[in-house]
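Only one structure is covered here, and it is reproduced in the block below.
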Amino acid sequence: MKDSRLLAEQRRRKILDLIDQKGQITVRELVERFTVSAVTARGDLDALCSEGMAVRSHGGAVRKLDGSPNLPSDSKETQRFADVARLAKVSVDAVSRVAIGSSQVAPSVQATVLAAARKLGVDLSGGRKNRTIIFILGNRDTVNEFQSKVLLGAEGYCGRHDWDLQFISFRSDLNAPPGSIRLPEALTRSNRPAGVILSGTHSVSILSALGEKRIPFSVVGNNIVGEWRPEQYDCVFTDDVRGSTEITRYLVAQGHRNIWYIGNQRLPWFARCAAGYRQAMKEADLEPRFSEISSEDRELGYLAVKSLLASGERPTALFVGTDQAASGVYQALQESGIRIPDDISVAGFNDTIGEVLHPGLTTVREFPKELGEHHAEFTLRRIHEPDIPPQQLVMPTELIRRESVSRAPTSPALLASLPFQASVL
C-alpha cells in the first residue's frame, strides 16, 4: 500500500511536469503515457485539482493554474507559505487558496494545510481578500436595545483584531424545511464575507444552509426555532432558564402567590424564560399562570395587561419575559390607575432599559455586549481553525433588585379592593 501511494505521488509530479510543458493534458494522453487505466488517470487529475495544483479545462483536459496570483507580495510571507506547503506536502498555490478561503480546495487538503500552518505558527487568515464578518439579525422588525449591545460587542472585538463587521437584516420562513431556505445575497456572491454571526431569531434551516456552503458561523443559542443539537455548532447561550427560575423564586420569597408570566411562548427566548418560571412555581407548589399574546416587545406587555384587566384576574406580581415587554406593562398599568409596586409587583428580563423605567425595574441582567464579543471570537476561531470541535458557552445572569417589587399584600380584603376591574378601559 505504501509503495502504491509513493508511485502515485511520483506519477502526479510527472503529470505536473507534463502540464508545464504542454499547457494542458487529457485523460487519454495520461493512459497512453503511463500505461494506467482511465480510472487511475482520472483519479490522478482529480487529486491534483482538489489540491489546488491544477484546474479543469474544456474538453475534459486539465491545465495548471496560471502562476500564483493569490500569493502574498511580501517575500517573507511567500516563504512562510512555502514552508507550510512543504510540511503539508501540497503546492504553494494550494496554501494560498486556503489562505483566501477558496471553496475550490478539498476539505481534507484544507485541514492538512491549516494543521501545518498551526504547527509552524503561521497565520493564514492575513491572505484573505475579504476580512469581513456579517452580523445577521434574523426575523426582527427593529434593532432593540439588547440586539444593539450584542452588535456593539461583536463590532468591538472584530475591530481589535483588524476585521470588519457588516450588519444586515434578514427575514425567512421559520418553518421552512432544510434545503428550502434562500440565504442572503451577501452570502452567495464570489467575494462573500469570511464568516457570519447569527443573532435575532433563526430556524434550523439556516444552520444547515450555512453548513452546506462551508461558511463559518456562530449563533445565539437561545433564539433557534425548531429541534436542533447545539453541541454540533458554535453557539453562545445566556442561561435564561436559570435566571428566570431565580427571579420567580425571589417573587415567591416576597410573599407572592398569584404570579403571572407574560411572554409569547411561540418565540424561543420567551419559551425558555417560561420554563424557568414554571420550574420555580412547581417548587413552591403554586399554579403557573400564563398570558399569551402573539406579539413582542412593548406591544406584548401592553396588550397582555389590558387582557388581564378585562378578565378580572387579580395577580399580585407579573414576571415579564423581556424589559421591552415590561415597558408596555408599565404603560398599561399606569393608564389603568394601578400603582407599581404598591398594587402589583413587576419583574422583567435582560436589564437593557430597567433602570430608566419608573419605578426602577427588578429584572435579570444578561450581558449582551460580552455575548457579542464571544460570538465574534467563536466565528474568527472557526475561520482560522475550521477543523476544531464545535464550541459552546453558557453565560450566567444576575438578579437586579430595584423598586418595582415589594412584599405581597397579606390582607384578603386589600386584595379584593385593588382597582383591577373598576379601571378597565
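Taking only the stretch 105-139 into account, find how many residues are within 15 Å of the chain's Cα centre (by Cα) and either of a type outside the set (Phe, Trp, Tyr) or modelled with pLDDT under 85 (or both).
Looking only at that region, the number is 6.
Being modelled with pLDDT of 95 or more, crowded, with 18+ Cβ neighbours inside 10 Å and in contact with a Lys or Arg (Cβ under 7 Å, 6 or more places away or on another chain) is the filter here, so list the residues in the stretch 352-364 that pass it.
Hits for the stretch 352-364 are 361, 362.
State all residues of the stretch 18-33 that are open to solvent by less than 50 Å² (accessible area, probe 1.4 Å) and either modelled with pLDDT of 70 or more or closer than 12 Å to residue 44 by Cβ (or both); if no residue qualifies, say none. Break it down into steps so the answer makes sense when it comes.
Step one: filter the stretch 18-33 for residues open to solvent by less than 50 Å² (accessible area, probe 1.4 Å), giving 18-19, 23, 25-27, 30-31.
18, 19, 25, 26, 27, 30, 31 - these are the residues of the stretch 18-33 that are open to solvent by less than 50 Å² (accessible area, probe 1.4 Å) and either modelled with pLDDT of 70 or more or closer than 12 Å to residue 44 by Cβ (or both).
When you go through (1) among the hydrophobic types (A, V, I, L, M, F, W, C); (2) within 30 Å of residue 195 (Cβ to Cβ); (3) at pLDDT 95 or above one by one for residue 367, which number turns out not to apply?
All conditions are met except number (3).
Which of the residues spanning the stretch 235-250 are part of a strand (DSSP E or B) and among the hydroxyl-bearing types (Ser, Thr, Tyr)?
First, pick out the residues of the stretch 235-250 that are part of a strand (DSSP E or B): 235-238.
Listed by number, the list holds a single entry, 238.
State whether one or more residues within the stretch 276-295 are surrounded by 18 or more Cβ atoms within 10 Å (Cβ to Cβ), at pLDDT below 95 and in a helix (DSSP H, G or I).
No, the conditions are met nowhere in the stretch 276-295.
Give the residues of the stretch 210-219 that are within 13 Å of the chain's Cα centre (by Cα) and either more than 20 Å from residue 269 (Cβ to Cβ) or small (Gly, Ala, Ser) (or both), sorted by residue number.
210, 211, 215, 216, 218
Which one is nearest to residue 166 (Cα to Cα) among residues in the stretch 376-409 that are part of a loop (DSSP other than H, G, I, E, B) and hydrophobic (A, V, I, L, M, F, W, C)?
Within the stretch 376-409, the match that is nearest to residue 166 (Cα to Cα) is 388.
Scanning the stretch 251-275 for residues that are assigned to a helix (DSSP H, G or I) and among the aliphatic types (A, V, I, L, M), which turns out most open to solvent (accessible area, probe 1.4 Å)?
Among those residues, the one meeting the criterion is 253.
Does residue 141 satisfy the condition of being under 23 Å from residue 114 (Cα atoms), of a type outside the set (Gly, Ala, Ser) and open to solvent by 80 Å² or more (accessible area, probe 1.4 Å)?
The answer is no for residue 141.
From 353, 338, grab the single residue that is in contact with a helix residue (DSSP H, G or I) (Cβ under 6 Å, 6 or more places away or on another chain) and touching a residue at least 40 places away in the same chain (Cβ under 8 Å).
It is 353.
The values are calculated or read from the model by the stated rules, or taken from the named source; none is laboratory data. As the structure is a prediction and not an experimental result, all values here were calculated from the model. Note: ideal-geometry Cβ built from the backbone for every residue, glycine included; neighbour counts use all protein chains shown. Just the protein is used for accessible areas: all its heavy atoms, side chains included, with ligands, DNA and RNA removed. Shrake-Rupley method; radii C 1.70, N 1.55, O 1.52, S 1.80 Å.
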